[in-house]
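Throughout, read-outs are computed from the coordinates displayed, never taken from laboratory work. Nothing here was measured: the structure is a model prediction, and the numbers come from that model. Using ideal geometry, Cβ is built from the backbone for each residue, glycine included, and neighbour counts are taken over all protein chains shown.
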Amino acid sequence: MTDEDSAIRDLLLSTRRIAVVGASDRPSRPSHGVFGFLLARGYEAVPVNPVLAGREIHGRTVLASLDEAQPLDMVDVFRRSSEAGAAVDAAIRLRARSVWLQLGVVDEAAAGRARAAGLVVVMDRCPVIEWRRLGLPARIG
């Protein structure tokens with residue numbers, strides 16, 4: 001196991017509250033599946049999507065902004081790379097402990113700002129894939 005693997009394992013096992021920015025109510029969307037996966041693992045997951053605010057995804061009410069979702073341990077970002085920086089900046093402002101940019105979401109400048117502010121950053125990865133690859137338990141403790 002690499003140091004990076006250990007860091008991802010520690011992050012996934014120590015995190016409790018996750019805001020999923022860009023959560024979708026469409027079952028065909030990856031953000032829908034990942035959100036359900038996080039709930040099934042025992043996280044207190046909160047969907048954030050201003051277009052769907054007030055609706056429900058997997059029985060959780062969708063919030064319009066990260067401000068409504070605090071306190072936060074992690075902000076999981078399902079947005080285009082060009083739009084990810086705003087979510088990262090909000091995570092920094094709200095003092096989240098980490099930001100997770102999903103597969104295909106890369107913003108080196110935003111990641112640098114987050115690291116400089118003391119946040120753990122995971123970029124261009126999926127927590128479902130990492131969970132399974134690292135052989136983590138069925139639920140968080």
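Figures for the structure shown
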| read-out | value |
| --- | --- |
| Computed [θ] at 222 nm, helices only, for the chain once each DSSP H run of length n ≥ 4 contributes -39500 (n - 2.57) | -11500 deg cm²/dmol |
| Loop sites in region 1-86: trypsin sites (Lys or Arg not before Pro), DSSP, at most 15 other Cβ within 10 Å | ARG16, ARG55, ARG80 |
| Rounded to 5, the percent of DSSP beta bridges in region 3-133 classed as antiparallel | 10 percent |
| Candidate values (1) 35; (2) 41; (3) 45, label of the one derived for percent of Cα pairs over 21 Å apart | (1) |
| Computed lengthening from SER65 to ASP124, 0.36 nm per intervening residue step minus Cα-Cα distance | 19.0 nm |
| Region 81-115 versus region 12-66: alpha-carbon centroid distance in Å | 17 Å |
| Estimated dipole of region 3-133 in Debye, rounded to 20 [Cβ of Lys and Arg +1, of Asp and Glu -1, Cα centre] | 220 debye |
| Approximate spin-label separation GLU44-SER28, in nm, with each point projected 7 Å along Cα-to-Cβ | 3.5 nm |
| Percent RCO, i.e. relative contact order, over the chain, from Cα pairs under 8 Å lying at least 6 residues apart | 22 percent |
| Computed lengthening from GLU83 to VAL106, 0.36 nm per intervening residue step minus Cα-Cα distance | 7.3 nm |
